[in-house]
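Asks: Please read through the structure below; I'll follow up with questions.
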Amino acid sequence: MFKRSLIAAAAASLFSVPASADYSGTVFFGDSLTDGGFYTPLLPPGTGRFTTNPGPVWAELFASALGGTAAPSNVAGGTNYAQGGARVTGTPGVGSPPATGAQPIQVQVTNYLASRGGAADGNTLYTVWAGANDVFVALGLPSADIPAYVVTTAGQAVTEIARLRAAGARYILVPTVPDIGATPFATTLPPGGAAGATQITSTYNQALFGGLSAAGISVIPLDTFALLREVQASPAAYGFVNVAVPACTTVSSLICTAATLAAPDAAQTFLFADGVHPTTAAHRIISDYALATLAAPRAMSLLAESPIKTRALLSNAIGDQLLLDVLGPGTGTRAWASLGAGRLRYDGNSADPGGSGDPLALTVGVDRALWPGMTVGAAFSSGRLKERFAGTGGAYEQTEQVLALYAGARNGPWYVNVVGALGYLAFDTERSVALGIASRSATGSTRGSSLSLGAQGGWLMTQGALSHGPIAGLQVQRIRVDGFTETGGSLALTYESQTRQSAVASLGYEARYHAGNLLPFARLALNHELTDNDRTVRAAMPSILGSGLEMAAIDHGRNWGTLALGLGAKLAANVTGSLSLGTQFGQDKVRQHWLQAGVSVGF
């Protein structure tokens, strides 16, 4: 495994393309590992895929999960150009007919671009998985010729990926070639042949991603080399009873059916369909892995979003405390405490992760009324949020310690409250990923900071015990989350630091009813985010030097409303208390509720 500093340096040059999670479709280029039935018209019914037919290959599962299809390109509307036996640029194809007539990846890309007038769709998710058949070709070459052939072939793959990028493709998924030396085929090689196949595969993968890095081409990496070796190391966890012998009794899995399996359940309990191709169950694992990798950066973007929302517990605590001024003696010093709890939910799915959690914060403070109508104070808050990822699995835990300074001024019908706060953030993350029937996780820890400045004012007209009038506010925040690297084998990603800027303007109406020792109140406000949340989250795969992916952070819209209902009460001569309940509504895929209870003692 390469050093993190080298990975970060190599990946930094790759993040130049804006990203979005909204894909208009999926297009696949490759060989038998991705072929979704290109040769089906030439074969007996129920066959045609290089797996345990009639099971789907990973590309079909992957495209379906994203709302699309991966029909072969020789079918009307098909977008899967992969053909079993295909090499990167060379001919003939590898294997027996019809694979010998396979179009190389170079031709596949050419045909696709020609069908679109030479332009790729910037919102389509492309996959280029190539090189396995060229590894087989290399195995038949003289030893002295192998390195040059492998490096040249990897360079040709880089050229095809570069062609897609130059034509307008922004999202290109590139898996590594699986370890050919760890397949049943490798056991048929002469002594030392399996180790040689592993070395050739590794050389190809390193040359491929090294070439992409040197060319400054950002792709979405998948380390299937490491993934399948991890499966072979712990097969029972994935439901496999055999990872060494083919599930099919036919020479090629292309014509394998349920009637030609080594065991009735071999499609689900064997790793390999034939000497090199995955079974239906193994293809499911590859698809799950690809989906999890795509979702990870957007899931981690929530780390910089939730502190924006949880700061409300501190703002509400201080706001309720200043509201109690009208019930207190109006002079002197007060010590106070407030406990806030809530519910914060981001709706999501497998492609656009959400979250659900319960923020909790304890705030203590002291302030002094310098004169009637003018109060200054300081507060310390300690908060915690455990947000469970929705749509993907896992959770992250956020803790925050905040120091705040505040002031409140009242004069006749108007009032103004100002709060400035600096916080220290810490995060523990866990992404739980289902790979077939197995459950894997990638974990990490990082730190961050939060800085906010908010002001709210109102003009309240008094009619007897009732005061009411318009209110307005502005809350400016800056959240920074440090970069970090997960642990978790092939699942692990390295994330660059994130910065989230926010400026929220509010306009609403407030009403209070001063009934002796009681002060019920209500606030309704409309809020608008003034900044564009068009930031991206950048990540790399530690196990692949030069890898990098960039995905748009989750953006939930810029307009929403808030409603708060509460009660202030004078409990004793120098003791006041407050209780308030609030909710946020109208923001896309976001729901937030909170309950705040506080007590203040003057002395």
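The values are calculated or read from the model by the stated rules, or taken from the named source; none is laboratory data. Remember, predicted model here, so these are calculated numbers, not experimental data. In this analysis, Cβ positions are derived from the backbone assuming ideal geometry, glycine residues included, and neighbour counts consider all displayed protein chains. Areas reflect the complete protein model, heavy atoms only, side chains present, ligands, DNA and RNA absent. Shrake-Rupley method; radii C 1.70, N 1.55, O 1.52, S 1.80 Å.
Asks: Consider Gly408 against the criteria (1) out of contact with any Gly (no Cβ under 8 Å at 6 or more places or on another chain); (2) more than 30 Å from Thr462 (Cβ to Cβ): it satisfies all of them except one. Which criterion is unmet?
Replies: Here Gly408 clears every test but (2).
Asks: In the set Ser338, Ser356, which member is small (Gly, Ala, Ser), touching a residue at least 24 places away in the same chain (Cβ under 8 Å) and buried (at least 22 other Cβ atoms within 10 Å of the Cβ)?
Replies: Going through Ser338, Ser356 in turn, the sole match is Ser338.
Asks: Select, from Ala281, Ala273, Ala233, the only residue that is modelled with pLDDT of 95 or more and out of contact with any helix residue (DSSP H, G or I) (no Cβ under 9 Å at 6 or more places or on another chain).
Replies: Among Ala281, Ala273, Ala233, only Ala233 is modelled with pLDDT of 95 or more and out of contact with any helix residue (DSSP H, G or I) (no Cβ under 9 Å at 6 or more places or on another chain).
Here is a yes/no grid of residues against (1) over 26 Å from Arg500 (Cα atoms); (2) in contact with a helix residue (DSSP H, G or I) (Cβ under 6 Å, 6 or more places away or on another chain); (3) surrounded by 19 or more Cβ atoms within 10 Å (Cβ to Cβ):
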{"site": "Phe521", "(1), (2), (3)": "yes, no, yes"}
{"site": "Thr531", "(1), (2), (3)": "no, no, no"}
{"site": "Asp534", "(1), (2), (3)": "no, no, no"}
{"site": "Glu550", "(1), (2), (3)": "no, no, yes"}
{"site": "Gly566", "(1), (2), (3)": "yes, no, yes"}
{"site": "Ser578", "(1), (2), (3)": "yes, yes, yes"}
{"site": "Phe585", "(1), (2), (3)": "no, no, no"}
{"site": "Asp588", "(1), (2), (3)": "no, no, no"}
{"site": "Arg591", "(1), (2), (3)": "no, no, no"}
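Asks: Restricting to segment 552-564, give me the number of residues that are surrounded by fewer than 20 Cβ atoms within 10 Å (Cβ to Cβ) and closer than 30 Å to Thr176 by Cβ.
Replies: 1
Asks: Counting just the residues of segment 85-110 that are more than 33 Å from the chain's Cα centre (by Cα), free of Cβ contacts under 8 Å to residues at least 40 places away in the same chain and part of a helix (DSSP H, G or I), which one comes out surrounded by the most Cβ atoms within 10 Å (Cβ to Cβ)?
Replies: Taking the candidates together, the pick is Val107.
Asks: Can you tell me how many residues within segment 252-287 are in a loop (DSSP other than H, G, I, E, B), without any contact (Cβ under 8 Å) to a residue 60 or more places away in the chain and open to solvent by 30 Å² or more (accessible area, probe 1.4 Å)?
Replies: Residues meeting the conditions: 3.
Asks: Now a separate question. Evaluate the following for Ala369: is it modelled with pLDDT under 95, open to solvent by less than 20 Å² (accessible area, probe 1.4 Å), more than 26 Å from Ala492 (Cβ to Cβ) and part of a strand (DSSP E or B)?
Replies: Judged against the criteria, Ala369 is a match.
Asks: Which number in (1) modelled with pLDDT of 90 or more; (2) more than 23 Å from Phe380 (Cβ to Cβ); (3) in contact with a strand residue (DSSP E or B) (Cβ under 6 Å, 6 or more places away or on another chain) marks the one condition that Leu327 misses?
Replies: Condition not satisfied by Leu327: (1).
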